[in-house]
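*Asks:* I am attaching a structure below and will ask some questions about it afterwards.
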Amino acid sequence: MRVFVVSIPVDLDSEERKIVSFHASEYEAMAEAYRYKYGTYSEWYIDRLN
């Protein structure tokens, strides 16, 4: 299963990022990341263990 994760930097001096939300659609993640000044999104693959 793949999800798109939107994240923003904790502060501008560090590489640490804070996850804001998860989306199933790349378009929704892109739109939300655009709303934040330094927001980015990335694609993650998650294996379900049932």
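*Asks:* Can you find, within segment 25-50, the residue that is modelled with the lowest pLDDT among those that are hydrophobic (A, V, I, L, M, F, W, C) and outside any strand (DSSP E or B)? Spell out how you get there, then give the answer.
*Replies:* Let us first name the residues in segment 25-50 that are hydrophobic (A, V, I, L, M, F, W, C), namely 29-31, 33, 44, 46, 49.
If we keep only those that are outside any strand (DSSP E or B) as well, we get 29-31, 33, 46, 49.
Working: 29: 92, 30: 92, 31: 93, 33: 91, 46: 84, 49: 71.
The extreme case among them is 49.
*Asks:* Would it be correct to say that residue 22 is open to solvent by 100 Å² or more (accessible area, probe 1.4 Å) and part of a strand (DSSP E or B)? Steps first, please.
*Replies:* Numbers: open to solvent by 100 Å² or more (accessible area, probe 1.4 Å): yes; part of a strand (DSSP E or B): yes.
Yes.
The values are calculated or read from the model by the stated rules, or taken from the named source; none is laboratory data. Just so it is clear, the model here is predicted, and its values are computed rather than measured. Accessible surface is based on the protein model in full, side chains and every heavy atom, while ligands, DNA and RNA are left aside. Shrake-Rupley method; radii C 1.70, N 1.55, O 1.52, S 1.80 Å.
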